[in-house]
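To start, the structure itself, in structure tokens.
The values are calculated or read from the model by the stated rules, or taken from the named source; none is laboratory data. These numbers come from a predicted model, not from an experiment. Note: ideal-geometry Cβ built from the backbone for every residue, glycine included; neighbour counts use all protein chains shown. What goes into the accessible areas is simple: the full protein's heavy atoms, side chains included, and nothing from ligands, DNA or RNA. Shrake-Rupley method; radii C 1.70, N 1.55, O 1.52, S 1.80 Å.
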Amino acid sequence: MSQVASITLDHHHADVAQVKKIWKTFWLLSVITAIELGIGLTIYTIHKGAHPNPTLVLMFKGMVSVLTMAKAFYIVSVFMHLGDEIRNLIMTIVVPLLLFIWFIGAFLYEGNSWKNNRNTNVHTRPAIEQQQTIPAEEKGKKD
Amino acid sequence: METVAVQPKTKLWTGGRSPFNVSYGKLMMWYFLMSDAFTFGAFLISYGTIRFSQNFWADPNHVFNAFPFAGHTNLPLAFVSIMTFILILSSVTMVLAVHAGHNMDRKGVEKYMVFTILGGLAFLSCQAWEWTHLITGDHQVLVNGAIQHWGTTTTHNPWGHEVMFNGTEVATPGPIAFGGYFFGITGFHGFHVFSGVVINSVMLIKTRLRHFEERGHYEMIEKAGLYWHFVDLVWVFVFLCFYLI
């Protein structure tokens with residue numbers, strides 16, 4: 001009888017701990033979102049200023065991206081319970097997603113070289129693109 | 001006589017059980033979500049590529065600065081942060097529904113599923129307002145030396161460079177890709193939210209009909225939960241790519 005009681009008590013304890021963890025993650029996600037908003041508004045004020053510093057803006061954008069990755073980690077590992085699954089399953093989900101590292105790097109590099117091509121060889125581009133091209137001195141002014 | 005005891009190296013892959021220690025349905029839900037992540041990733045990376053290829057792009061703090069019933073007050077990021085908060089909160093109620101399911105607490109599952117569905121509907125309503133505001137918005141744009149009034153659509157982008165015209169500051173047409181990417185990606189995400197609400201509603205009805213109680217477990221709630229959290233996960237990245245940077 002007492003054994004049964006202690007088992008339910010243990011279960012109850014695990015239960016409370018689990019619910020606590022869920023709410024803790026909720027507050028963590030909210031705080032990270034609030035920080036992200038703060039950085040977003042900082043970028044806004046930098047852009048409004050007379051001489052926006054592109055390096056500073058890029059730094060803040062990098063910070064927001066890192067915070068977003070942290071949020072994604074908490075959602076997947078706590079809310080989706082992927083952290084509780086066995087290692088092999090985690091790996092079959094996570095390893096294919098590593099392709100994104102290459103995707104992002106390669107495609108953004110590609111986009112950037114298109115911009116550089118348009119800006120440096122304006123007259124070699126088809127007429128339809130020439131009309132839409134902003135003159136080369138604009139380059140790097142705004143990201 | 002020597003007996004060689006052949007110890008199986010692992011018990012996981014010798015058959016007779018799931019090597020990943022999850023049911024077939026849950027495993028396939030994970031693989032579906034992984035493939036869906038690639039779909040969203042491809043959309044967002046395509047958006048990034050086009051954005052990187054332009055000298056000028058619309059400033060999100062400028063585009064998304066409106067709030068319902070606030071008129072023309074400049075409130076950058078305010079409305080979208082509420083949308084984000086709604087989605088995070090509905091993710092929490094979903095987790096609590098899954099948790100109640102583990103305890104075979106039917107009333108708890110019902111309660112939290114209702115909250116989750118309401119959260120999804122609230123998010124969709126916010127998105128409907130945001131889209132309406134952008135599409136029906138009225139912005140002065142200088143086109144071929146004359147002022148036109150444009151909203152943000154897939155063919156019109158009134159968020160280009162600002163120039164002086166007759167003493168006032170007016171915008172010029174911005175990169176046309178902006179509207180297509182914004183409505184395309186947030187629309188695809190909104191459709192996921194919509195289908196999530198439908199799935200959650202079906203789960204709520206099945207819970208009320210005691211289907212899971214009779215089955216002895218609430219695993220369907222877990223699978224619907226995985227999908228719902230994925231929708232929240234995608235929004236985190238949409239929020240980053242369209243509103244923050």
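Numerical summary
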read-out: Residue match in region B:113-130 (condition: within 12 Å of chain A (Cβ to nearest Cβ), in a helix (DSSP H, G or I) and free of Cβ contacts under 8 Å to residues at least 12 places away in the same chain); value: no
read-out: Which listed residue, of A:Lys21, A:Lys48, is without any contact (Cβ under 8 Å) to a residue 12 or more places away in the chain, at the interface with chain B (Cβ under 10 Å from one of its Cβ atoms) and exposed (fewer than 14 other Cβ atoms within 10 Å of the Cβ); value: A:Lys48
read-out: Filter result (aliphatic (A, V, I, L, M) and more than 8 Å from chain A (Cβ to nearest Cβ)) within region B:217-245; value: B:Met220, B:Ile221, B:Ala224, B:Val231, B:Val234, B:Val238
read-out: Complete set of residues in region B:53-89 that are over 18 Å from A:Gly40 (Cβ atoms), at the interface with chain A (Cβ under 10 Å from one of its Cβ atoms) and among the aromatic types (Phe, Trp, Tyr); value: B:Phe56
read-out: Verdict on B:Leu27 being touching a Leu at 6+ places or on another chain (Cβ under 8 Å), within 11 Å of another protein chain (Cβ to nearest Cβ), under 30 Å from A:Leu89 (Cβ atoms) and at pLDDT 85 or above; value: yes
read-out: Given (1) within 10 Å of chain A (Cβ to nearest Cβ); (2) open to solvent by 10 Å² or more (accessible area, probe 1.4 Å); (3) outside any loop (DSSP other than H, G, I, E, B); (4) out of contact with any Leu (no Cβ under 8 Å at 6 or more places or on another chain), number of the condition B:Val92 does not satisfy; value: (2)
read-out: Residue within region B:170-193 that is over 25 Å from A:Val64 (Cα atoms), in contact (Cβ under 8 Å) with a residue 40 or more places away in the chain and surrounded by fewer than 20 Cβ atoms within 10 Å (Cβ to Cβ) present; value: no
read-out: Test: residue in region B:161-183 that is aliphatic (A, V, I, L, M), under 30 Å from A:Thr25 (Cβ atoms) and away from chain A (no Cβ under 14 Å); value: no
read-out: Contacts under 9 angstrom Cβ, first residue in region B:33-44 being free of Cβ contacts under 8 Å to residues at least 24 places away in the same chain, partner of a type in the set (Val, Ile, Thr) and surrounded by 17 or more Cβ atoms within 10 Å (Cβ to Cβ), 6 or more apart; value: B:Met34/A:Ile93
read-out: Residues located in region B:29-71, provided they are assigned to a loop (DSSP other than H, G, I, E, B) and under 24 Å from A:Gly38 (Cβ atoms); value: B:Trp57, B:Ala58, B:Asp59, B:Phe64, B:Asn65, B:Ala66, B:Phe67, B:Pro68, B:Ala70
read-out: Enumeration of residues in region B:17-60 that are open to solvent by less than 20 Å² (accessible area, probe 1.4 Å) and of a type in the set (Gly, Ala, Ser); value: B:Gly41, B:Gly48, B:Ser53, B:Ala58
read-out: Selection count where residues are touching a helix residue (DSSP H, G or I) at 6+ places or on another chain (Cβ under 6 Å), open to solvent by less than 20 Å² (accessible area, probe 1.4 Å) and of a type in the set (Val, Ile, Thr), scope region B:118-153; value: 1
read-out: Residues of region A:78-87 that turn out to be within 7 Å of chain B (Cβ to nearest Cβ), open to solvent by less than 40 Å² (accessible area, probe 1.4 Å) and free of Cβ contacts under 8 Å to residues at least 24 places away in the same chain, as a count; value: 2
read-out: Given (1) open to solvent by 30 Å² or more (accessible area, probe 1.4 Å); (2) farther than 30 Å from A:Gln18 by Cβ; (3) of a type outside the set (Lys, Arg); (4) not assigned by TED's automatic domain parsing to the domain that holds A:Ile22, number of the condition A:Ile90 does not satisfy; value: (2)
read-out: Meets criteria (among the basic types (Lys, Arg) and surrounded by fewer than 14 Cβ atoms within 10 Å (Cβ to Cβ)) for B:Lys107; value: yes
read-out: Candidate set from region A:53-77 (those that are in contact (Cβ under 8 Å) with a residue 12 or more places away in the chain and more than 8 Å from chain B (Cβ to nearest Cβ)); member that is most open to solvent (accessible area, probe 1.4 Å); value: A:Leu58
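Condition check ((1) at pLDDT below 90; (2) more than 20 Å from the chain's Cα centre (by Cα); (3) hydrophobic (A, V, I, L, M, F, W, C)) across all residues:
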| site | (1), (2), (3) |
| --- | --- |
| A:Thr45 | yes, yes, no |
| A:Ala50 | yes, yes, yes |
| A:Ser65 | no, no, no |
| A:Thr68 | no, no, no |
| A:Gly83 | yes, no, no |
| A:Leu98 | no, no, yes |
| A:Ile101 | no, no, yes |
